[in-house]
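Colleague: One structure, pasted below without further comment.
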Amino acid sequence: MTANSTVHSSNSTNNSSSKKDKPAKYTIIKQFICENIESGEWPQNAKVPSENELTQQFDVSRMTARRALQDLTEQGILVRSQGAGTFVATFKSQSSLLEIRNISDEINERGHQHKAKQLILRSIAVTEELAILLNLKNNEHVFYSEILHLENDEPIQLEQRYVNASLVPEYLLQDFSQITPHEYLSSVAPLTEATHEIEAVLAKANICQQLEINSSTPCLQVKRRTWSKQGVVSFAMLTSPGDKYRLGSHLVI
């Protein structure tokens, strides 16, 4: 009886461990959708499977399928239209209001001096969120950099960037106090598409410390994903004090 109980306990532990290692079903659906988009199978404006179709295909509840579609919609990957369905977002049109520029060029054009401090540069394990944003598998690694940009020796922007290691294998070999990540990535994986998400935020304590601001200072935060012809290259969060930085654009219609 004791031996049987021991075996049963061991099997229970193994089953529990297996369940923990297996990705959530809504994550699997999101990866499936992103893979079809990045491969070109589903181009911009293409209609994606409905909640009912995903429910049947992946043998999940409708709530699980709805969560996967809603998450990708909130990330700007999909667009949902009531009564019409869900479609692949038009990435280029989303980014057309903003020109992606090198921050050092912007500062130099104002007649000021740009400096950069490389705070972090390392390889990290991919999280579930990063796997979706960069279209990666859960067991892969990504490169992470944290760069503080200064204008006339005053902190102006904290750049936190996650990079697809398979597309930019030599990213960790660079000195980003001498060249900006944007400048380097543009040379090795030329930008073809981008999405932007812009919002006013109160920065976390560690970001406030880097930017030398107090916790009540409003900040402008830009979340940006960029693509090359090979796929998603990077996801960056750019945080700047609201009283020191602004975004602008010039549209010709």
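The values are calculated or read from the model by the stated rules, or taken from the named source; none is laboratory data. What you are looking at is a predicted structure, and each value in this text was computed from that prediction instead of being measured. Note that each Cβ is placed from the backbone with ideal geometry, even for glycine, and that neighbours are counted across all protein chains shown. The area values use the complete protein model at the heavy-atom level, side chains included, leaving out ligands, DNA and RNA. Shrake-Rupley method; radii C 1.70, N 1.55, O 1.52, S 1.80 Å.
Colleague: I'm checking my understanding of the structure. Among residues of region 132-152 that are touching a helix residue (DSSP H, G or I) at 6+ places or on another chain (Cβ under 7 Å) and closer than 25 Å to Gln118 by Cα, which one is modelled with the lowest pLDDT?
Modeller: Only one residue fits best here, namely Glu151.
Colleague: Here is a further query. Does Val222 count as in the same structural domain as Tyr162 (by TED's automatic domain parsing), under 13 Å from the mean Cα position of the chain (by Cα) and within 22 Å of Glu74 (Cα to Cα)?
Modeller: Here the answer is yes, as Val222 does meet what is asked.
Colleague: How about region 138-177: which of its residues are over 26 Å from Ile213 (Cβ atoms), open to solvent by 10 Å² or more (accessible area, probe 1.4 Å) and either without any contact (Cβ under 8 Å) to a residue 60 or more places away in the chain or touching a Lys or Arg at 6+ places or on another chain (Cβ under 9 Å) (or both)?
Modeller: Within region 138-177, Asn139, Glu140, His141, Phe143, Ala165, Ser166, Pro169, Glu170, Leu172, Leu173, Gln174, Asp175 qualify.
Colleague: Next question. Considering only residues that are touching a Ser or Thr at 6+ places or on another chain (Cβ under 7 Å) and either at pLDDT below 85 or among the hydroxyl-bearing types (Ser, Thr, Tyr) (or both), which ones fall in region 62-78?
Modeller: Residue satisfying the conditions is Gly76 alone.
Colleague: State whether one or more residues within region 211-234 are at pLDDT 90 or above, of a type in the set (Asp, Glu), more than 19 Å from Ile100 (Cα to Cα) and out of contact with any Asp or Glu (no Cβ under 9 Å at 6 or more places or on another chain).
Modeller: no
Colleague: Does any residue of region 93-104 turn out to be more than 19 Å from the chain's Cα centre (by Cα), open to solvent by 40 Å² or more (accessible area, probe 1.4 Å), aliphatic (A, V, I, L, M) and at pLDDT 95 or above?
Modeller: no
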